[in-house]
Amino acid sequence: MTDSSSAIILHNYPQSPVAEKARIAFGIKGVAWHDVEIPRLAPKPMLTQLTGGYRRTPVMQIGADIYCDSACIIRALENRFPEPTYFPTSEAAMMWAASRWTDGALFDLAVKIVLGSAGENLPADFAADRGRLYLGPDWAAGLKAANAALPHLAAQMRAPMGWLNEQLSDGRAYLLGEAAAAIDAQFYHVVWFIRGRWVQGPEFLSEFPHLERWERNVAAIGHGSVSPMTPEEAIKVAAGCEPQEPSGMDQLDPQGIRPGTGVTVHPDVDGGEQGVAGIVTYADADTITIARRDDVAGNLAVHFPRAGYRVEVDAS
């Protein structure tokens, strides 16, 4: 590594569909990156040492800057590597809006199909971890309900897969035309998950030939240039750097957040997850950045999207 402060590091594991979205996003940009494999299940002590408690997958690290959530990762990559762009048409705002659905309701539907179809074959530890994460406190009842409702859930997934198939029916290579875009990665991870983790997935997707052709095109993009890295090496990189992202304020912030405000950030769902505490250094409508310090990793800046995350201002 010639410049550890600019090296891209992805903390992920191979089976993660959301990590696959990020890996395809790397492929679209053609960037080189380092692959740090993390555990599929909590605890993830070396990851949370960097994030301050956030345990979802994936997390991107550049020096001492830590990017949580794939939306934050895609935004950071577009800022650092503007060409080729993730937004080859003029509809960037519509793509961000659509991604809230692909990453939210559509992915949650895919999770219910995959976990529900596994039924009693789902490993108990995995069921408890992902069930709590995606189905809430009464996750066991949620899994049973998903299993019983599989035909309905499949019908709900069939409609959007049909929409995509129709969009691609004119022979275009990608959803917006001949250039791959962020929205391709954002839809692809759902299709990848369905095909690879639902036993009936391949048969289900065979109804959509244009979608399957697009799926092959996206897969052929690849993941960019990848080299392995250990968690210890990633922490050493962070310890040798200082955060590089700028600070600033948004005068219109509805919560009155300013640089220096103490906050705790966590996903805006009841998944039983630990929040990340720190001091705000930057906040706008799209992103919030908090500063924290780890005894080993040093000074860190942890970045989150605003959409889909709850920011709790510390009482003072």
**Request:** Would you mention how many residues in the stretch 243-283 are closer than 17 Å to ASP65 by Cα and either of a type in the set (Ser, Thr, Tyr) or within 24 Å of the chain's Cα centre (by Cα) (or both)?
**Result:** 14
**Request:** Kindly indicate which of PHE107, PHE126 is within 18 Å of GLN15 (Cα to Cα), modelled with pLDDT under 90 and within 21 Å of the chain's Cα centre (by Cα).
**Result:** PHE126
**Item:** Filter result (over 19 Å from LEU175 (Cα atoms) and either in a strand (DSSP E or B) or open to solvent by less than 40 Å² (accessible area, probe 1.4 Å) (or both)) within the stretch 19-40
**Value:** ALA19, VAL31, ALA32, TRP33, HIS34, ASP35, VAL36, GLU37, ILE38
**Item:** Near pairs, Cβ below 9 angstrom, 6+ apart or cross-chain, from the stretch 1-28 (closer than 19 Å to ALA239 by Cβ) to any residue that is hydroxyl-bearing (Ser, Thr, Tyr) and open to solvent by less than 10 Å² (accessible area, probe 1.4 Å)
**Value:** HIS11/THR51
**Message:** Please go through (1) in contact with a strand residue (DSSP E or B) (Cβ under 7 Å, 6 or more places away or on another chain); (2) modelled with pLDDT of 95 or more; (3) open to solvent by 10 Å² or more (accessible area, probe 1.4 Å) for SER6 and return the number of the only condition it doesn't satisfy.
**Reply:** (2)
**Message:** Just to confirm my filter: which helices (runs of 4 or more DSSP H) fall fully inside the stretch 45-108 and include at least 3 residues that are open to solvent by 10 Å² or more (accessible area, probe 1.4 Å) and within 18 Å of VAL237 (Cα to Cα)?
**Reply:** 45-51
**Request:** Mind listing just one residue for me: the one in the stretch 270-292 that is in contact with a Gly (Cβ under 9 Å, 6 or more places away or on another chain), open to solvent by 20 Å² or more (accessible area, probe 1.4 Å) and free of Cβ contacts under 8 Å to residues at least 60 places away in the same chain and, of those, farthest from ALA234 (Cα to Cα)?
**Result:** ASP284
**Request:** Could you check how many residues of the stretch 138-188 are more than 18 Å from GLU91 (Cβ to Cβ) and acidic (Asp, Glu)?
**Result:** 1
**Asked** PRO246: free of Cβ contacts under 8 Å to residues at least 12 places away in the same chain, open to solvent by 10 Å² or more (accessible area, probe 1.4 Å) and not charged (D, E, K, R), yes or no?
**Response** no
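The values are calculated or read from the model by the stated rules, or taken from the named source; none is laboratory data. Quick caveat, the model's predicted, so the values are computed rather than measured. Every residue, glycine among them, receives a Cβ derived from its backbone with ideal geometry; neighbour counts consider all protein chains shown. Accessible surface is based on the protein model in full, side chains and every heavy atom, while ligands, DNA and RNA are left aside. Shrake-Rupley method; radii C 1.70, N 1.55, O 1.52, S 1.80 Å.
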